[in-house]
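Worksheet: the structure to be examined is printed underneath.
What follows is calculated from the coordinates using simple rules that are stated; it is not laboratory data. Only a predicted model underlies this, so the values are computations on that prediction, with no experimental measurement involved. Methodologically, a virtual Cβ is constructed for each residue, glycine included, from the backbone with ideal geometry; neighbour enumeration extends over all protein chains shown.
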Amino acid sequence: MRLYTRTGDKGETSVIGGRVSKDDIRVDAFGTVDEANSFVGKAISELKHNDSLFSDIITDLEKIQHELFDCGSDLSTILKDAPMKVTDDLITYLEEKMDEYVDEAPDIEKFILPGGVDASASLHIARTVIRRAERLIVTMKNEGEHVPELVLKYINRLSDYFFAIARVVNYRLDVGDVEYVRSAKVFKGTNKRDK
């Protein structure tokens with residue numbers, strides 16, 4: 001099987017229900033979801049170095065990778081009456097897991113900087129890419145394009161989920177949050193939690 005089809009050589013691509021320009025806002029939105037999915041895959045590969053410590057998170061992230069494909073599929077559909085793959089139960093699951101992870105990590109008292117161990121940093125990148133996807137989806141909606149409402153809701157929850165588990169990953173490895181210091185004052189952080 002060949003990977004190339006030559007059908008996009010003139011700057012168009014196929015979506016469900018037709019063809020659009022590759023710089024169409026819809027293509028930008030589902031392409032950004034795919035970008036976030038790549039960072040999720042990177043985080044999984046980094047977490048597998050401590051498989052026993054992170055088996056629950058790895059299971060969640062592998063599930064989320066499939067759901068992000070579903071989001072991309074729903075976003076690539078220009079047919080308003082087409083069946084959608086993203087459902088309410090996916091959002092409910094994210095909320096329930098997020099509540100668990102928020103309870104596990106220490107309370108946040110200040111803004112924190114993205115970072116910590118490699119997997120946590122990758123999850124923070126996934127979080128910000130998902131936020132960009134959300135902004136693109138909102139732009140689609142504001143421009144009168146067909147937007148699956150549950151995809152928008154799922155993507156909104158997912159960025160918060162990534163924030164929660166990025167903190168838990170650091171916490172389980174005894175790596176503390178780096179707190180934001182106003183006006184870029186010199187900061188001497190620690191990489192261990194206070195005991």
For each pair in K42/K63; K85/K141; K48/K110; K48/K85; K63/K85, compute the distance between the two Cα atoms and list the pairs where it is over 22 Å. K48/K110; K48/K85
Rounded to the nearest 20 debye, what is the charge dipole size of segment 21-184 about its Cα centre when +1 sits on each Lys and Arg Cβ and -1 on each Asp and Glu Cβ? 540 debye
Below 10 angstrom from the Cβ of S159, what's the summed charge of the other residues (Lys, Arg +1; Asp, Glu -1)? +2
Restricting to Cα pairs under 8 Å and 6 or more apart, the percent relative contact order of segment 21-184 works out to 33 percent
Radius 10 Å from Cβ of E109, net charge of other residues (Lys, Arg +1; Asp, Glu -1): -2
What does the charge count near A121 come to, summing +1 for each Lys or Arg and -1 for each Asp or Glu among other residues with Cβ under 10 Å from its Cβ? -1
Are there chymotrypsin sites (Phe, Trp or Tyr not before Pro) in segment 72-177 that DSSP marks as loop and that have at most 16 other Cβ atoms within 10 Å, and which are they? F111
